1. Rounded to the nearest 20 Debye, what is the dipole magnitude of chain A about its Cα centre when Lys and Arg each give +1 and Asp and Glu each give -1 at the C-beta?
2. Looking at the square roots a ≥ b ≥ c of the eigenvalues of the Cα gyration tensor of region B:68-114, which shape do they give, rounded for a/c under 1.5, prolate if a/b is larger than b/c, or oblate?
3. Using only Cα atoms and rounding to the nearest 10 degrees, what angle (0 to 90) does helix A:99-129 make with the longest principal axis of chain A?
4. Hey, got the average number of other protein chain Cβ atoms within 10 angstrom for residues in A:192-205?
5. For peptide A:170-177, what's the mean number of Cβ atoms from other chains within 10 Å of each residue's Cβ?
6. Connecting C-alpha atoms closer than 10 Å in a GNM of chain A, tell me which of A:A45, A:A132, A:A60 has the biggest fluctuation.
7. Could you tell me which of the pairs A:K171/B:K89; A:K98/A:K178; A:K98/A:K171 are separated by over 20 angstrom between their Cα atoms in the structure shown?
8. For the pair A:I35 and B:T88, what calculated FRET efficiency results from E = 1/(1 + (r/R0)^6), where r is the Cβ-Cβ distance and R0 = 25 Å, to the nearest 0.05?
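Nothing in this text is a laboratory measurement; each read-out follows from the coordinates by a stated rule. In this text, all values refer to a predicted model and were calculated from it rather than measured experimentally. Glycine gets a Cβ as well: all are built from the backbone with ideal geometry, and neighbour counts include every protein chain shown.
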Amino acid sequence: MSSHATTAEGEAPQFYELVPHHHAPHGSTQIGFWIYLMSDCLIFASLFAIYGVLGGNFAAGPSPEHLFNLQLVAVSTGALLLSSITYGFAMLDMDEGKKTGTLVWLVITGILGAVFLGLTLYEFYHMIHEGAVPQRSAFLSAFFVLVGTHALHVTFGILWLVTLLVQIGAKGLIPANKIRVQCLSMFWHFLDVIWIGVFTVVYLMGMLR
Amino acid sequence: MSAHTSTDTLASGTHAHPNPDAHGDGHDHGTRRTYLIGFALSVILTAIPFWLVMGDVIADTTIATLVIMGFGVVQIFVHMVYFLHMNTKSEGGWTMMAAIFTIIIIVIALSGSLWVMFHLNTNMMPGHIMNPADLI
């Protein structure tokens, strides 16, 4: 009935597209990947909530000021921060179509990520060696889950980065590879954002507690 | 709307670099300058809280915690703007909508968990029972 009224006004309603509507290839990849990152954000939010609730339950075990080495954390934070801007330079070189420049900056980013991962694993090894294992107290369980999940993300980011290096090396800067580099860029910067939360809440506030 | 967008896509198809984001909006990748500004800001915003804690600058723990959290929040926004290139226009505003939704959920989850568990802990403290006669 309402459609009748609309046509009566002289404007024929048009419910289909006369001109073919082309979506650019991979046009929706970025928003899809962004939604994934937001869901990943919720995982980290729940892990932060767990750490916030349990972070003070030491069960007469070691507390942050006995375990954490802020110099080490400062170095690994610096490595991750530097890797953010080197990834940015890789993106800029990619936009200018410089394949070698993109590869070089990506390799530097990967090395910095590996440095960060190495320092985190060294810290874990050191803590476990001192008997500060995840099952020692609720604080340590929450700590290892939160920082471990972040380290796992960095690990997969580095694996992805190595895969991309091979793909760009083989096929060049084709549109599909450009989309992949852009998605990894979002992932990499997102991990840096999570790390800001980790070093603020876990390390810095842990030392103040 | 859709017909208009597709003509835009066709027009930009002649461009030398096929832009995968030609659908509706441009995706801002930033320039060398914005990356360097973002990096400089994040170095400053990281160095100050580390200095505050390592140098024991603020004696009051509560104030120091709030200041450090403030620096963390500001740095997260710096990263979102300068590195993740968040703005209200990209993907027709849907990245921003998803981010706002996520932030709301995070705030509810974090503040709710901390609030409930803090009160639970307080109420479960043995010292909370002031008068032993209340137990009977």
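1. Values: 7 positive and 11 negative charges, 111 e Å.
Computed about the Cα centre, the dipole is about 540 debye.
2. Numbers: a/c = 4.37, a/b = 1.32, b/c = 3.32.
It comes out oblate by the Cα gyration axes.
3. Orientation of helix A:99-129: about 40 degrees from the principal axis.
4. On the way: counts 6, 8, 1, 2, 12, 5, 1, 6, 12, 4, 0, 3, 11, 8.
If you average over the peptide's residues, the count of other-chain Cβ atoms is 6.
5. Average per residue, whole number: 1.
6. Result for chain A, Cα springs under 10 Å: A:A60 fluctuates most.
7. Working: A:K171/B:K89 32 Å; A:K98/A:K178 12 Å; A:K98/A:K171 14 Å.
Flagged as over cut-off: A:K171/B:K89.
8. Working: r = 17 Å, r/R0 = 0.69.
After rounding to 0.05, the efficiency reads 0.90.
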